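S.K.: What follows is a structure written as structure tokens; I'll ask about it next.
The values are calculated or read from the model by the stated rules, or taken from the named source; none is laboratory data. Please read all numbers here as calculations on a predicted model, not as lab measurements. Here Cβ is always computed from backbone atoms with ideal geometry, including for glycine, and neighbour counts include all displayed protein chains.
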Amino acid sequence: MKPNDLQPGQWTLARRAEKMNPSVIREILKVTERPGIISFAGGLPSPKTFPVEAFAQACAKVLRDDGQGALQYAASEGHGPLREMVAAGLPWQVDPADVLITTGSQQGLDLVAKILIDSGSRILVETPTYLGALQAFMPMEPEVVSVASDDEGIDVEDLARKAGAGGNGNARFLYVLPNFQNPTGRTMSEARRAALSQRAAAIGLPLIEDNPYGDLWFDQPPPPPLSARNPQGCVYLGSFSKVLAPGLRLGFLVAPKSLYPKLLQAKQAADLHSPSFNQRMVAEVMKDGFLGRHVPTIRALYKSQRDAMLAALGREMADLDVQWNSPDGGMFLWARLPRGVDAVELLPRAVDKGVAFVPGAAFFAGQADTRTVRLSFVTASVEQIDTGIAALAAAIRETPTRRN
């Protein structure tokens, strides 16, 4: 409902509320709640990876040793020991004072939007990009410009052309996911990272580096972060959701000292601080190198499920003009349907056959490729992957093609 549609005495919505739209993915997830649906749609970590027993022990210890502190209001910056652990775990020298604990890394995107975006200011994103970032940015009414991207990541020359063009001044920042990107699963190459970092520094373009999946590599770790190359020109976002549990709603950001105070003020206005109890539990679980033992088990599980999906695609789609990539880590695989097949039109046919996915169009800030789909391979079993990919192939075969 638009403000002008409201009758006297009714609520008047802010103009920015018109920019708020429901998540396409969340709406699709409602469909997957139907009994019998095999879902490749959600970006949900596998519940098999949640360290329930470790949290049970941490919960008891935190309540026994520091129950009053855990249940009290706390500093907005976050729990000191947890900030120190975050700083120590990053691959460049980070002052714990530059770490801000957030209520999920999604809140980090919201804080960045609030302090860096004015109405009409230009921001740059990859093609395609994370839908949740677009949702966080859009209420601030920016001009979102999509930068050409390929299998290695951002096209640096196209970035340079778009960073300073137009009537609203230079772009405020580039938002980028270098590692196992959502939605494509691609990883930015070392050569492209070096070129991007150098060019961004040369033209004074800040980078918002989002890295929720970086620990989920399969055979070898990704190249060093962009933030390690130019810490003063980057805000780095991380998450505990993919390596511990998303229900904790804990993430973090690392920001230059020139920017940190304003991010902190935005955090204070949003929720005062992230849950004290959750922060202490995570710090307790992470003691004594827990992640070093736990994360490899996640990598092994996800790699086996990726391999199962790649095998199923090769087997079931052999006679179809379907293309897909082979991600080196993370949770997602990106595919392109045959010419004339629209992913949005395919979805209800697929659901009728018992399988769901996310159409790729929602992830494009500019002109969308309507033939793309995102497939998550981490929550379905190997048997479900086999059945679901076969059902998806059958739905593609039965979908009438249209002329593009």
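S.K.: Tally the residues that are out of contact with any helix residue (DSSP H, G or I) (no Cβ under 6 Å at 6 or more places or on another chain) and of a type outside the set (Val, Ile, Thr), restricting the search to the range 268-300.
M.R.: Number satisfying all stated conditions: 19.
S.K.: Restricting attention to the range 238-264, which residues are in contact with a helix residue (DSSP H, G or I) (Cβ under 7 Å, 6 or more places away or on another chain) and more than 16 Å from Leu82 (Cβ to Cβ)?
M.R.: Ala255, Pro256, Lys257, Tyr260, Lys262, Leu263
S.K.: From the list Gln72, Gln68, Gln106, exactly one residue is free of Cβ contacts under 8 Å to residues at least 24 places away in the same chain and either of a type outside the set (A, V, I, L, M, F, W, C) or surrounded by 21 or more Cβ atoms within 10 Å (Cβ to Cβ) (or both). Which is it?
M.R.: Gln68
S.K.: If you don't mind, there's one more thing I want to ask. Show the residue pairs meeting these rules: Cβ distance below 7 Å; 6+ apart or different chains; first residue within the range 123-152 and without any contact (Cβ under 8 Å) to a residue 40 or more places away in the chain; second residue hydrophobic (A, V, I, L, M, F, W, C) and assigned to a loop (DSSP other than H, G, I, E, B).
M.R.: Phe137/Ile117; Pro142/Ile117
S.K.: A further question follows. Considering only residues of the range 161-215 that are part of a strand (DSSP E or B) and not hydrophobic (A, V, I, L, M, F, W, C), which is surrounded by the most Cβ atoms within 10 Å (Cβ to Cβ)?
M.R.: Residue satisfying both the conditions and the ranking: Asp210.
S.K.: Next question, about the same structure. Counting just the residues of the range 372-389 that are among the small types (Gly, Ala, Ser) and within 19 Å of Tyr213 (Cα to Cα), which one comes out modelled with the lowest pLDDT?
M.R.: Ala380
S.K.: Quick check on Pro338: is it under 21 Å from Gly89 (Cβ atoms), in a loop (DSSP other than H, G, I, E, B) and not acidic (Asp, Glu)?
M.R.: no
S.K.: Given Ala365, Ala361, Ala391, which one is more than 14 Å from Arg336 (Cα to Cα) and outside any loop (DSSP other than H, G, I, E, B)?
M.R.: Ala391
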